[in-house]
There are 2 protein chains.
Amino acid sequence: MEEVRLIEVKEEIMSDNKITADDLRARLKEEKTFLLNLMSSPGAGKTSLILKTLETIAVELKTGVMEADIDSKVDAEKLVAEGYTAVQLRTGGFCHLDANMVSQGLEALDLKNLDLVIIENVGNLVCPAEFDTGAVKNAMILSVPEGDDKPLKYPLMFTVSDAMIIHKTDYLAISDFNVQMAKERATTLNPAIKVFEVSSKTGEGVRDWCNWLVGEVKNFIGD
Amino acid sequence: MEEVRLIEVKEEIMSDNKITADDLRARLKEEKTFLLNLMSSPGAGKTSLILKTLETIAVELKTGVMEADIDSKVDAEKLVAEGYTAVQLRTGGFCHLDANMVSQGLEALDLKNLDLVIIENVGNLVCPAEFDTGAVKNAMILSVPEGDDKPLKYPLMFTVSDAMIIHKTDYLAISDFNVQMAKERATTLNPAIKVFEVSSKTGEGVRDWCNWLVGEVKNFIGD
């Protein structure tokens, strides 16, 4: 198996993260590369959704992934094993990524040959919502086993996200998760949020989610 | 329904958290009150495990709960609705509790009449592991839908916990979660960790977990 590229990233001391993030977006626009920041709790299924997404859009877009983890590279290894382009960022204890960390990670990817880079942020429904990574759009996963009350408890995550994926819908049969309630709670916080119902296991809803993503990418890179 | 007591807690600027935590434990020893810090990802089932635990040990111990949330009081409301003693701490954006916040919360409880107080920490597998809350023991929940690879990705949480509850075991039938693998990964990080397999839904394993907890409480309060 190909060795996974591992980058130890450090937080920029006293930086103005917002300026770094805006600079990064301007650079991405020039490079014609769309950057998606994907956030969720641990275990909500970020890696499996990414795998399913890459597979589905492979004929349409050239893709790469930046995996972020506190202290492992298991996620990037999974992607590389499937033949995808991926680097692993190790945050060394940090609970989130900021724009400077993401810039360090992008240096390891050949942006000229990529239409879309997906950041798999650290598994955390709190801290990543507070930092602009420089991504063009933010998406978050709420998995069915987590419960439909999460917008009440982690409102910032739902407020900063452009899209919410209700994930692991195959668990709905044995769960008391109320899809309508989850949608209402999320759209109360953020009326513009796009909601998708997806099971990466069965493939349900994957195409809808990918259609939205591909549309956003093409719009940004001017294709 | 009784109104839930809500306390806005603030982080002590420039404090030495470890000293505050040790002072708190000394005070708890004098008061003969055991403090348990319960941590997990969002949606791993902290509140349902607490409800099941309180119900199971009601005849043995006098209990209270401190719920922590960034911005809601739904968890404490659930407990109070069931007739239990609970206060809600609102961290105002903070992703964890420290010992000073916990001290502020304990002031709202009548410790003289409580053998055990359970802290339901903020739903987060990263930050809460970094702060000593002053609790006598730390417990963490790993829920089956989250996956058995979490010890690899969030090692500190497994290292600082005295007990790990593998929760929602009723999901095992439709999940590829490997219990043996999760145990091995956790005990590699922390050979002393106690592991329990629990479903708050079916009641499976609840008694084992409660036996351990009651034993620890009685040992500490000298009963």
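The values are calculated or read from the model by the stated rules, or taken from the named source; none is laboratory data. All values reported here derive from a predicted model rather than from experimental measurement. Every residue, glycine as well, gets a Cβ built from its backbone with ideal geometry; the counts of neighbours run over all protein chains shown. Only protein heavy atoms, including side chains, enter the accessible area calculation; ligands, DNA and RNA are left aside. Shrake-Rupley method; radii C 1.70, N 1.55, O 1.52, S 1.80 Å.
Look at the stretch A:171-178: the mean tally of other chain Cβ atoms within 10 Å of its residues' Cβ atoms is 2. Once you've got the Cα coordinates, tell me which of A:32/A:218; A:78/B:153; A:137/A:218; A:78/A:150 are over 19 Å apart. Violating the 19 Å Cα-Cα cut-off are A:78/A:150. Only Cα pairs under 8 Å and 6+ residues apart enter the sum, and on that basis the relative contact order of segment B:92-223 stands at 21 percent. Within the protein assembly as shown, A:210, B:210 have no other Cys Cβ under 4.7 Å of their Cβ and so lack a disulfide-compatible partner by this rule.
Within a straight-line Cα-Cα reach of under 17 Å, residue B:29 can be paired with the following aspartates and glutamates, leaving aside sequence neighbours fewer than 8 residues apart in one chain: B:107, B:110, B:115, B:132, B:216, B:223.
May I ask you to give the solvent-accessible area per residue for segment A:9-98, in square angstrom, as obtained with a 1.4 angstrom probe? Walk me through the numbers on the way to the answer.
Numbers: 3590 Å² over 90 residues.
I get 40 Å² per residue for this part.
Compute the Kirkwood hydrodynamic radius of the protein assembly as shown, taking the inverse of the mean of 1/r over all pairs of distinct Cα atoms, and give it in Å to one decimal. Please report the intermediate quantities before stating the final value.
Working: mean 1/r = 0.0444 Å⁻¹.
Final number for the Kirkwood radius of the protein assembly as shown is 22.5 Å.
Helix B:17-31 and the longest principal axis of the C-alpha atoms of chain B enclose an angle of approximately 80°. Per the accessible-area calculation with a 1.4 Å probe, the total area buried between chain B and chain A rounds to 2400 Å². Seen against the Cα atoms of chain B and their longest principal axis, helix B:179-189 is set at about 60 degrees. List, in the order given, every pair from A:112/B:183; A:46/B:183; A:73/B:46; A:62/B:183; A:46/B:168 whose Cα-Cα distance in the structure shown is over 32 Å. Pairs exceeding 32 Å: A:112/B:183; A:62/B:183. Structure remark: mean-square fluctuation, Gaussian network model of chain A, C-alpha springs under 10 Å; the largest value among A:186, A:86, A:108 belongs to A:108. Principal-axis analysis of the Cα atoms of chain B puts helix B:46-57 at an angle of about 80° to the longest axis.
Between segment B:151-200 and segment A:115-134, what is the C-alpha centre distance in whole Å? About 26 Å separates the Cα centre of segment B:151-200 from the one of segment A:115-134. Within the listed set A:130, A:107, A:77, the residue fluctuating most in the Gaussian network model of chain A (springs between alpha-carbon atoms under 10 angstrom) is A:107.
Between the beta carbons of residue B:81 and residue A:112, assuming R0 = 51 Å, the FRET efficiency works out to 0.30 to the nearest 0.05. A Förster radius of 51 Å, combined with the Cβ-Cβ distance separating residue B:218 from residue A:30, puts the computed FRET efficiency at roughly 0.15.
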